Amino acid sequence: MYWEPDEGQTRSRLTPTGWRALHRAAAETLDPRSALTHRALAADRPDPELAVALEDAAVDGLAPDAELDVPTRQLLVWAADLSGDRSERERRLLLAAMHDVYSGELGDDDLWTRVESLPPSPLRYCALAGRALHEDRLGAAAFHLRAARRALAGTGPPAEPEAIAVIETVEASVACRMARGRTAVDAAAKALIAESRDAVRVATAQRLLLVGKAYTDGPREVLQAIGSEDAPDAEAGVTPSKSAASTPQLRFRLRNAGLLLLRGECRVLAGDLKAGARDLADVARSYGTHSGQPDRLRALEWLAITHFLLGSWQEADSSLDGVEAFGGDTAGQALRAMFATVRGEAPAPDGTRSAPAYRRTSGSAHPDTLVMAAYADVVAMLSSRRHGEILTTINWLTSEAAGLEDAPAKFAPLLLPVYVEAAVESGARAASELGLAQLRALAQHVPSLAVAAHRLTGRLAEHRHDLVAADREYEAGLLAAETRAQVPPLHLAQLKFSHGRLLCVLGRTSLGLARLQQAEDDFTTLGALAFARNCAQDRSGVIRGLTRGPDVALTEREATVAGLAASGLTNRQVATELMISAKAVEYHLRKIYRKLGVSTRSELASRWPG
């Protein structure tokens, strides 16, 4: 039996004694486990047996009565209040505080006031470290964690396994917050080895282990560990059936929005953009009225990036609306500025005039947040062809001075294509070759990067004057776009742009102009007007070059030779490309010079389109 009266009105009509009687009556109609909550609310004196039952229910990871949806923290507070022994009361209060930390939401000010009044102990220091971490006081968190280890050492051997497990769990949490992947993995592993009957803490350590692995091993390893089974309807708070989760620990895992957020992030980084978007949207919805919850804001930031890659930019705008409503240390402002720049509505951020977004963000911001802001900045710079600033930004991100630890490596699937393009276009040969090798290796496991890898390999071949190889890479990229799922529309439009320019240089002007027009149309449809303007300028240059000399009529072979020579190739290199003799190249060039009215290669380059 269960009913949902208006609690405020009911309380106003009942005395405390009557209220307890109401719960006592409800407890008598339910099975023993479901009755625990009502028994706790009906109690008016210490009850050690009930306190034990409440603690057992809490450490199982689920409230005894799902309809009441009581946090495990509250069960432990009730257990503490019903304890007959002072030491047991203090222990359960500290355990309640740790469950508050594990939940990610510090929701009971009275509990923390009581915790602060307790005598020093390893668990008390761990609780204070967890609270400081949630309040972004990283220095205080580290201080309390060191104090917890000192207090544990002071207790003498043998150390209590549960205290060790809690300390290592908090250590892993601090490491994840600072993007120190290896430290997080090591601490979480130690926490899982230690004996513990607290399923909530175990599940938290499991999640932290996976968060650490996202930094050290990459998204694929994490996805294999988490699995692809659908999470429950977080918005409705539905608990999975016993067939889906036969143990309390697993049921807790599936209901954990933090784990779903991690899976969404890893799916995006692994190139499964649509599945990642579904996970992230589920996380955002799961918090309901808790709109400012950090995990919800982070999910919305990731969702904005995912929709950017998918080309669904209106959905990205909606996600950013949810982020900006709460401000704070988020990447939302930088992402909004990125969209404005790419859409041609605002200039790209200028690092020479003001600090870029990733440096303006508060020093207490999560390293992942800073990398997101930097990613937004470099994409905006890319639309303005500010390749040197992109290299400066990404080089800073990966430097020790940035202090971002393993976060930049985690975001490699997002940052690497932008970095390689900037290196190639800036003529940074060593950086181009190294970055491109990494990108091609990554594209083997992240199918959505295949088109970008082919395009940038082609661009590097162009800079080496190997135009045949460049054309081959662009054709391979177009084929990959047809066979690979979830290729970002922006990547495909960029490929058509690069290929169109090359075709014009090779003298296949009609096809090249058509390809450039396709790219411009794709950019415009997407809303990337800054890229579309660049494309239109290059296409107009080709057309102007073709119409400068109305009496000029180059043959197809002459046009090809002219394009190669104008791109900077020597006669011998042109001959190698076309598999003809150097003398044949000289013959064609004399005819070309005469028809165009030029006498040098530099004049030819100035006259030739592309």
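The values are calculated or read from the model by the stated rules, or taken from the named source; none is laboratory data. This structure is a prediction, so every number in the text was calculated from the model and none was measured. Ideal geometry is used to build each Cβ from the backbone, glycine not excepted, and the neighbour counts take in all protein chains shown.
Among the residues of region 374-403, write down those that are of a type in the set (Val, Ile, Thr) and either surrounded by fewer than 18 Cβ atoms within 10 Å (Cβ to Cβ) or out of contact with any helix residue (DSSP H, G or I) (no Cβ under 8 Å at 6 or more places or on another chain) (or both).
At the first step, the residues of region 374-403 found to be of a type in the set (Val, Ile, Thr) are 378-379, 390, 392-394, 398.
Correct list: THR392, THR398.
Can you run down the residue pairs with Cβ atoms below 7 Å, 6 or more apart or on separate chains, where the first is in region 48-66 and under 13 Å from ARG89 (Cβ atoms) and crowded, with 19+ Cβ neighbours inside 10 Å and the partner is modelled with pLDDT of 90 or more and of a type in the set (Lys, Arg)?
The qualifying pairs are GLU55/ARG92.
Given the criteria assigned to a helix (DSSP H, G or I) and crowded, with 17+ Cβ neighbours inside 10 Å, does ALA514 qualify?
Values: assigned to a helix (DSSP H, G or I): yes; crowded, with 17+ Cβ neighbours inside 10 Å: no.
No: the conditions fail for ALA514.
Where in region 243-297 are the helices (runs of 4 or more DSSP H), entirely inside, with at least 1 residues that are at pLDDT 70 or above and either closer than 27 Å to VAL59 by Cα or in contact with a strand residue (DSSP E or B) (Cβ under 6 Å, 6 or more places away or on another chain) (or both)? Before the answer, list the steps.
Numbers: elements: 248-255, 257-269, 273-286.
Here the list reads 257-269, 273-286.
Does region 491-506 include one or more residues that are at pLDDT below 85 and not aromatic (Phe, Trp, Tyr)? Before you say what the answer is, go through the steps one by one.
Just the residues of region 491-506 that are at pLDDT below 85, to begin with: 505-506.
From what is left, the residues that are not aromatic (Phe, Trp, Tyr) are 505-506.
Yes: region 491-506 contains one or more residues that are at pLDDT below 85 and not aromatic (Phe, Trp, Tyr).
With respect to LEU416, is the statement that it is out of contact with any Cys (no Cβ under 7 Å at 6 or more places or on another chain), over 18 Å from ALA480 (Cα atoms) and of a type in the set (A, V, I, L, M, F, W, C) true? Before the answer, list the steps.
Values: out of contact with any Cys (no Cβ under 7 Å at 6 or more places or on another chain): yes; over 18 Å from ALA480 (Cα atoms): yes; of a type in the set (A, V, I, L, M, F, W, C): yes.
Answer is yes for this residue.
Suppose we keep only residues that are in a helix (DSSP H, G or I) and without any contact (Cβ under 8 Å) to a residue 12 or more places away in the chain within region 443-471. Which one would you say is surrounded by the fewest Cβ atoms within 10 Å (Cβ to Cβ)?
Initial filter on region 443-471 (in a helix (DSSP H, G or I)): 443, 447-463, 467-471.
Those left that are additionally without any contact (Cβ under 8 Å) to a residue 12 or more places away in the chain: 443, 469.
Values: ALA443: 22, ALA469: 16.
Among residues in region 443-471 that are in a helix (DSSP H, G or I) and without any contact (Cβ under 8 Å) to a residue 12 or more places away in the chain, the one surrounded by the fewest Cβ atoms within 10 Å (Cβ to Cβ) is ALA469.
Going by what's in this entry, would ARG86 be described as farther than 17 Å from ASP198 by Cβ, at pLDDT 90 or above and out of contact with any helix residue (DSSP H, G or I) (no Cβ under 8 Å at 6 or more places or on another chain)?
Details: farther than 17 Å from ASP198 by Cβ: yes; at pLDDT 90 or above: yes; out of contact with any helix residue (DSSP H, G or I) (no Cβ under 8 Å at 6 or more places or on another chain): yes.
Considered against the rule, which asks whether it is farther than 17 Å from ASP198 by Cβ, at pLDDT 90 or above and out of contact with any helix residue (DSSP H, G or I) (no Cβ under 8 Å at 6 or more places or on another chain), ARG86 comes out as yes.
Taking GLY610 and the conditions (1) surrounded by 19 or more Cβ atoms within 10 Å (Cβ to Cβ); (2) at pLDDT 80 or above; (3) under 47 Å from the mean Cα position of the chain (by Cα), which numbered condition does it fall short on, given that it satisfies the others?
(2) is the only condition that GLY610 fails.
From (1) more than 30 Å from TYR593 (Cα to Cα); (2) buried (at least 18 other Cβ atoms within 10 Å of the Cβ); (3) polar (S, T, N, Q), pick out the condition that doesn't hold for THR525.
(2)
For ALA519, work out the one condition from (1) under 18 Å from LEU382 (Cα atoms); (2) free of Cβ contacts under 8 Å to residues at least 24 places away in the same chain it doesn't fulfil.
(2)
Taking the residues in region 302-313 that are in contact (Cβ under 8 Å) with a residue 12 or more places away in the chain and either in contact with a Ser or Thr (Cβ under 6 Å, 6 or more places away or on another chain) or outside any helix (DSSP H, G or I) (or both) as candidates, determine which candidate is surrounded by the most Cβ atoms within 10 Å (Cβ to Cβ). Give the derivation first.
Residues of region 302-313 that are in contact (Cβ under 8 Å) with a residue 12 or more places away in the chain, as a first pass: 302-311, 313.
With either in contact with a Ser or Thr (Cβ under 6 Å, 6 or more places away or on another chain) or outside any helix (DSSP H, G or I) (or both) added as a condition, the list becomes 303-304, 311.
Details: LEU303: 26, ALA304: 28, GLY311: 21.
Filtering first and then ranking leaves ALA304.
Does region 488-502 contain any residue that is touching a Cys at 6+ places or on another chain (Cβ under 6 Å) and more than 24 Å from GLY276 (Cα to Cα)? First the steps, then the outcome.
First, the residues of region 488-502 that are touching a Cys at 6+ places or on another chain (Cβ under 6 Å): 497.
Now narrow it down to the ones that are more than 24 Å from GLY276 (Cα to Cα): 497.
Yes: region 488-502 contains one or more residues that are touching a Cys at 6+ places or on another chain (Cβ under 6 Å) and more than 24 Å from GLY276 (Cα to Cα).
Out of everything in region 576-589 that is over 20 Å from SER599 (Cα atoms) and not β-branched (Val, Ile, Thr), what residue ends up being surrounded by the most Cβ atoms within 10 Å (Cβ to Cβ)? Spell out the reasoning first.
From region 576-589, those over 20 Å from SER599 (Cα atoms) are 576-581; that's our starting set.
Filter again for not β-branched (Val, Ile, Thr), leaving 577-579, 581.
Values: GLU577: 19, LEU578: 16, MET579: 7, SER581: 12.
Selected residue: GLU577.
Here are HIS99, HIS144: which of them is on the phi < 0 side of the Ramachandran plot and within 28 Å of the chain's Cα centre (by Cα)?
On the way: HIS144 fails: within 28 Å of the chain's Cα centre (by Cα).
Result of the check over HIS99, HIS144: HIS99.
Name the single residue, out of those in region 526-536 being in a helix (DSSP H, G or I) and either under 26 Å from the mean Cα position of the chain (by Cα) or of a type in the set (A, V, I, L, M) (or both), that is farthest from VAL487 (Cα to Cα).
First, pick out the residues of region 526-536 that are in a helix (DSSP H, G or I): 526, 529-536.
Filter once more, keeping what is either under 26 Å from the mean Cα position of the chain (by Cα) or of a type in the set (A, V, I, L, M) (or both): 526, 529-532, 536.
Working: LEU526: 14, LEU529: 20, ALA530: 20, PHE531: 18, ALA532: 19, ALA536: 23 Å.
Residue satisfying both the conditions and the ranking: ALA536.
Of the residues that make up region 325-332, is at least one hydroxyl-bearing (Ser, Thr, Tyr), surrounded by fewer than 19 Cβ atoms within 10 Å (Cβ to Cβ), farther than 19 Å from PRO447 by Cβ and in contact (Cβ under 8 Å) with a residue 24 or more places away in the chain? Steps first, answer last, please.
Looking only at region 325-332, we keep the residues that are hydroxyl-bearing (Ser, Thr, Tyr), and these are 330.
Filter again for surrounded by fewer than 19 Cβ atoms within 10 Å (Cβ to Cβ), leaving none.
Checked region 325-332: no residue is hydroxyl-bearing (Ser, Thr, Tyr), surrounded by fewer than 19 Cβ atoms within 10 Å (Cβ to Cβ), farther than 19 Å from PRO447 by Cβ and in contact (Cβ under 8 Å) with a residue 24 or more places away in the chain.
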